[in-house]
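Where a number appears in this text, it was derived from the coordinates with a stated rule and is not lab data. If you're wondering where the values come from, they're calculated on a predicted model, not measured in any experiment. Cβ coordinates were reconstructed from backbone atoms using ideal geometry, including for glycine residues, and neighbour counts include every protein chain displayed.
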Amino acid sequence: MQFQKRDSKIEGCFEVLYKQHADSRGFFMKTSHTPSFAELGINETWTEEYFSSSIKGVIRGMHFQTPPFEHAKIVTCLTGRILDVVLDLRSASPSFGEYTTFELSKDIPSAVFIPRGCAHGFLSLADESLMFYKVTSVHAPTHDAGVLWNSFGFKWPVENPILSERDSRFARFEDFTSPF
């Protein structure tokens, strides 16, 4: 098998472990393969891809898109190191309101698959962290939403994070009504 899967406590959210082939020149790694992804339960068509660069102490999140533009997402860290956080917003899910975390870095050949109905965010733990995202729907600004980063019980390991104004104004989880 090209990839391995490490489940989390949130149904459908898991880490994809890549095989890295290294030698004296550096390394090579396959990050996507439709038949292998199907074996893991990823049967998605990716419609957009993004990069983001964040300095140490930046929190980006907790982001999602509402129906009918909700999306699944797969993210990986290309440089630096991040603490990735996923929050289950699916009201019928047994893990509704629970979160799970993953550490991603250039030294950890893996990605996180985030199913529809989950919010996603991360904290940059390095001076510069470069993230790569693939999503299953086109960005829809009127359906772009979030939950306040510090309102769902997770204790972020940073005293004074750097936030966008937008991220600092999202609704608290306790005041949030899930569309999922």
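Cα gyration tensor of the chain, axes a ≥ b ≥ c as square roots of the eigenvalues: rounded (a/c below 1.5), prolate (a/b > b/c) or oblate? In terms of gyration-tensor shape, oblate. Of all aspartates and glutamates in the structure, those lying under 19 Å Cα to Cα from K19, and not within fewer than 8 positions of it along the same chain, are D7, E39, E103, D107. Comparing V112, V138, V58 in a Gaussian network model of the chain, where Cα atoms under 10 Å apart are tied by springs, the biggest mean-square fluctuation is seen for V138.
Is it possible to state the helix-based mean residue ellipticity at 222 nm for the chain, with each DSSP H run of 4+ residues giving -39500 (n - 2.57), the sum divided by total residues, to the nearest 500 deg cm²/dmol? What is it?
-1500 deg cm²/dmol
For an R0 of 30 angstrom, estimate the FRET efficiency from the Cβ-Cβ distance between D144 and H21 and round to the nearest 0.05.
That gives a FRET efficiency of 0.20.
Ranked for footprinting exposure by Cβ neighbours inside 10 Å, fewest first, Y133, Y50 give Y50, Y133.
The label point for S168 and the one for A38, both projected 7 Å from the Cα toward the Cβ, are 4.8 nm apart.
Restricting the GluC sites (Glu not before Pro) of segment 111-180 to loop positions (DSSP other than H, G, I, E, B) with no more than 16 neighbouring Cβ atoms within 10 Å leaves E159. Projecting the Cα atoms of V75, S178, V158 onto the charge dipole of the chain (Cβ charges, centred on the Cα centre) puts V75 farthest toward the positive pole. With K and R counted +1 and D and E -1, the other residues having a Cβ less than 11 Å from that of E128 yield a net charge of +2.
For segment 1-156, with only Lys/Arg (+1) and Asp/Glu (-1) charged at the beta-carbon, what is the dipole magnitude about the Cα centre, in debye rounded to 20?
Working: 15 positive and 17 negative charges, 39 e Å.
Dipole of segment 1-156, to the nearest 20 debye: 180 debye.
Cross-link partners of K106 among aspartates and glutamates, defined as those whose alpha carbon lies under 15 angstrom from its own and excluding same-chain residues fewer than eight positions apart: E15, D84, D127, E128.
The slack between S52 and W156, meaning 0.36 nm per residue of separation minus the straight C-alpha distance, is 35.5 nm.
Could you name the lysines whose alpha carbon sits less than 21 Å from that of K9, not counting residues in the same chain fewer than 8 places away? Within reach: K73, K155.
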